[in-house]
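Down below is the structure, laid out as structure tokens.
Derivation of every value follows stated rules applied to the coordinates shown; laboratory data play no part. Only a predicted model underlies this, so the values are computations on that prediction, with no experimental measurement involved. Don't worry about glycine lacking a Cβ; one is built from the backbone with ideal geometry, like all the others, and counts go over all protein chains shown.
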Amino acid sequence: VRGHFRPEFLNRLDEIVLFLSGGDRVRLSADGLSTVGTPEHVYDPWHYPSDWVVEGFSPEGPKIVRHGGYFYLITAVGGTAGPPTGHMVIAARARSIHGPWEDCPANPLVRTRDRSERWWSRGHASLVEGPAGDWWALYHGYENGYWTLGRQTLLDPVAWTADGWFKMMGGDLSRPLAKPKGGSAMPHGMALSDDFQAPALGTRWSFFRPRPNETDRLSVANGTLTLTASGTAPVDSAPLLLIAGDTAYRFDCEIEIDPGTTAGLLLFYDDTLYCGLGFDQERFVTHQYGQERGRPHNPHGHRMRLRVTNDRHIVTFDTSGDGGRTWARFDRGMEVSGYHHNVRGGFLMLRPGLYAAGTGNARFRDFRFTAL
């Protein structure tokens, strides 16, 4: 149950129920905004064999779909992260929303069976009907070896079987879906480079854990993003981040700072696990494991171009004092394959970002992102 209900829809319902994790449900008020009574247990989720390697039973995220005279209850079990073979999708159905619920004989409908597969921890499926009456499942998974990219969305075609159940038809998920017969591949992706001609908050950039009025720190005009410094380091400065889904990429940006400001580029998981390179007018500052470490001399002063390369978890930094015409390799490399949920928790991802700490302002220009 999400959002609000239209009155004409509510008038057709005898009651509204909200299904909860663990096989429970609770009745809702007529406007859908409060509960009535206490949760009741109505379904014992299907359980996998005891020798399977999972994170935990954890039946959660139930979703209801009505199709062909049945209500289908789709649930995730096995744990969302942890071992690659843990997460999975199960289904049950009933003629009435009140049950009794019959488990699908093909459970689990989705599961990573071996760590050699392209996608790990696949689960939390939602069924949707397309405009042509075609059915699809959307669920998430981790790319093999890249927990750092977080949970990514997978799209799987669905077929309804003669006995009234459904099955996923995606096959080999190491390959993208084939283009339609006689058609062309759909355009996809969004350019991550930014010339800072207009704000892109919410579509490209977002602050990490923004505080009230956080957006007051930011302005964009004439090819420059100006960010007012906050905090003492990335840990408390609410960095500005974007989502990158590539396994190897490079990003660079020109940065100009005021006296008292420290600014730079980051690979940021959360406020205790990040790395990157920043500078003030006199020194660089390296960030590693969420800590501020070496501070070698800065030969470029208050303005330079920084570049970060993340090549399948191997990170290098380069600096330029002539606008990117020539680059010098910074003497600090890092390996970041452990910057992810199974180490830190939080269900986040390692994201490229900008930060400004201390006092004054930092001005960022010509942000370029390139997949490698």
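Things worth noting here:
- Across the chain, Cα-Cα pairs farther apart than 40 Å form 30% of the total.
- The length gained by stretching the chain between THR224 and ASP366 to full extension, at 0.36 nm per residue less their Cα-Cα distance, is 50.3 nm.
- Once the C-beta distance of GLU282 and ASP114 is scaled by a Förster radius of 45 Å, the resulting FRET efficiency is 0.25 to the nearest 0.05.
- For the stretch 206-371, the Stokes-Einstein estimate of translational diffusion at 10 °C and a viscosity of 1.306 mPa s comes to 101 µm²/s, using the Kirkwood hydrodynamic radius over alpha-carbon pairs.
- Burial ordering of HIS67, HIS287, HIS300, fewest other beta-carbon atoms within 10 Å first: HIS67, HIS300, HIS287
- Based on the Stokes-Einstein relation at 10 °C and a viscosity of 1.306 mPa s, and on the Kirkwood radius from alpha carbon pairs, the stretch 43-168 is assigned a translational diffusion coefficient of 107 µm²/s.
- Arranged from fewest to most other beta-carbon atoms within 10 Å of their beta carbon, TYR139, TYR70 become TYR70, TYR139.
- Gain upon complete extension [HIS41, ARG293; 0.36 nm per residue less C-alpha separation]: 85.4 nm
- Percentage relative contact order, the chain, counting C-alpha pairs under 8 Å, at least six apart: 13
- Förster-model FRET efficiency, 25 Å R0, GLU102 and VAL128, C-beta, rounded to 0.05: 0.65
- For the stretch 13-37 versus the stretch 44-120, the spacing of their alpha-carbon centroids is 22 Å.
- For SER219, SER50, order by how many other beta-carbon atoms lie within 10 Å, fewest first: SER50, SER219
- The local environment of HIS67, defined by Cβ-Cβ distances under 14 Å, has a net charge of +2 under the rule Lys, Arg +1 and Asp, Glu -1.
- Taking THR112, THR215, THR309 as the candidate residues, the one with maximal mean-square fluctuation in a Gaussian network model of the chain, Cα springs under 10 Å, is THR215.
- You can think of it this way: the chain between ARG211 and SER50 has 53.5 nm of extra reach, that is 0.36 nm per residue less the Cα-Cα gap.
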